[in-house]
Amino acid sequence: MRIVYDSKTGLGKKFAEKLPFPAQSVSEPISEECLLVTRNEGLGRIAKRTKVFLKQYGPLVKGVVVNGNKRFGRFYCAAGPKIEKRYRIPVIRHIEGEGTADDAAAVEEYLKTLPLSIK
């Protein structure tokens, strides 16, 4: 299991590094199952690098965490539902900025529910 992040400001990377798995950027190739930490682009669009990653590696992605800023109101983490609908990958958590310890704990709990073959 790897944590793959698409981070423009570094906040998604910081969250990915809070989790107890190796972390890498979406721009690097991957050959194992992963959790994706991504972001909105503009007002709730799926980030371009995330789209490219999901097109190539979507079957390896077992869940998505979307980070955003609540000051954007209805656009807060709005890419999440779009990813869920378009790629049929569950959104595990919406986080603000780099996330909290509670966010990391919730994601770790989700990862524990996955089949043993991908832990």
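Miscellaneous remarks
- Here's how it looks for ARG2: its modeled amide H is under 5 Å from those of CYS34, LEU35, which are all 5 or more places away or on a different chain.
- Charged-residue dipole, Cβ positions (Lys, Arg, Asp, Glu), segment 2-118 about Cα centre, Debye nearest 20: 640 debye
- Counted by neighbouring Cβ atoms within 10 Å, the residues LEU11, LEU36 run from fewest to most as LEU11, LEU36.
- Square roots of 5 times each gyration tensor eigenvalue, C-alpha, segment 2-118, largest first, Å: 19, 16, 13
- Environment charge at ALA23 (Cβ cut-off 11 Å; Lys +1, Arg +1, Asp -1, Glu -1): +2
- Of all DSSP-defined beta bridges confined to segment 1-110, some 10% are antiparallel rather than parallel.
- Cβ-based exposure ranking for LYS112, LYS14, LYS51, LYS70, in which fewest neighbours within 10 Å come first: LYS112, LYS70, LYS14, LYS51
- Centroid-to-centroid separation of segment 24-70 and segment 71-119 [C-alpha atoms, Å]: 11 Å
- Taking other Cβ atoms within 10 Å as a rough exposure proxy, THR9, THR38 sort from fewest to most as THR9, THR38.
Laboratory data are not the source of any read-out in this text; all were calculated from the coordinates shown. Because the structure is predicted, anything quoted here is derived from the model rather than measured. Cβ coordinates were reconstructed from backbone atoms using ideal geometry, including for glycine residues, and neighbour counts include every protein chain displayed.
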